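> Below is a structure I'd like to ask you about.
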Amino acid sequence: MKNENNNVEIFTEDSVITLYDDENNPIDFFEIASIEFEGKFYELMQPVDEVEGIEEDEAVIFEYTVDEANGDKMFKPVLDEALLESVFSLYLTASADFESCGCGCDECGSAHECAAEEE
C-alpha cells in the first residue's frame, strides 16, 4: 500500500531495491518514499541489513533518473546538505500528514474503512 501526498509517495509495504556499491557488491534497501522536488525525483531508502557508515535508524536519499536506453532506474546518492534537508523536510511533512489522520481510512494508509465516511 502507498500513500501519496502532493509530491511524496510513502510506501507502507516492504519494497526492496538492490543497489551495488563501488566494488559491485549488492546492497538491499527498503524503499520508504519517493519524492519529487524541483523537477527531479528522489528515493528515501533504508538498508535492509547493517551497512558500514549508515546507522540502524538512518535513511539515505538518492536522486534517480530512468535510463532511456533500457528503462532502468539509475540511483545517485545526494550529498548536498541543503538538498538533503529540503527533500527530507517534504518527507517529514507528508509522513506527519500520513500518520495524523487516525481515522483508519485509506487516505492515511490504513486498510480499514474510514469511520468518518460511515457517519
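The values are calculated or read from the model by the stated rules, or taken from the named source; none is laboratory data. Because the structure is predicted, anything quoted here is derived from the model rather than measured. Positions of Cβ are backbone-derived with ideal geometry, glycine not excepted, and every protein chain shown enters the neighbour counts. Protein only, heavy atoms only, side chains kept; ligands, DNA and RNA dropped before computing areas. Shrake-Rupley method; radii C 1.70, N 1.55, O 1.52, S 1.80 Å.
> Rounded to a whole number, what % of the accessible area of the stretch 3-45 do carbon and sulfur atoms account for, probe 1.4 Å?
For the stretch 3-45, the apolar C and S fraction of the accessible surface comes to 39 percent.
> Highest first, please rank the peptides 71-78, 36-43 by the mean number of other Cβ atoms sitting within 10 Å of their residues.
My ranking of the peptides, most packed first, is 36-43, 71-78.
> Shape call for the stretch 2-74 from the C-alpha gyration tensor, a ≥ b ≥ c root eigenvalues: rounded (a/c under 1.5), prolate (a/b greater than b/c) or oblate?
Because a/c hits 1.5 or more and a/b fails to exceed b/c, the stretch 2-74 counts as oblate.
> Now, a different point. Which value, in debye to the nearest 20, gives the size of the charge dipole of the stretch 28-72 about its Cα centre, when Lys and Arg are +1 and Asp and Glu are -1 at the Cβ?
So the magnitude is around 260 debye.
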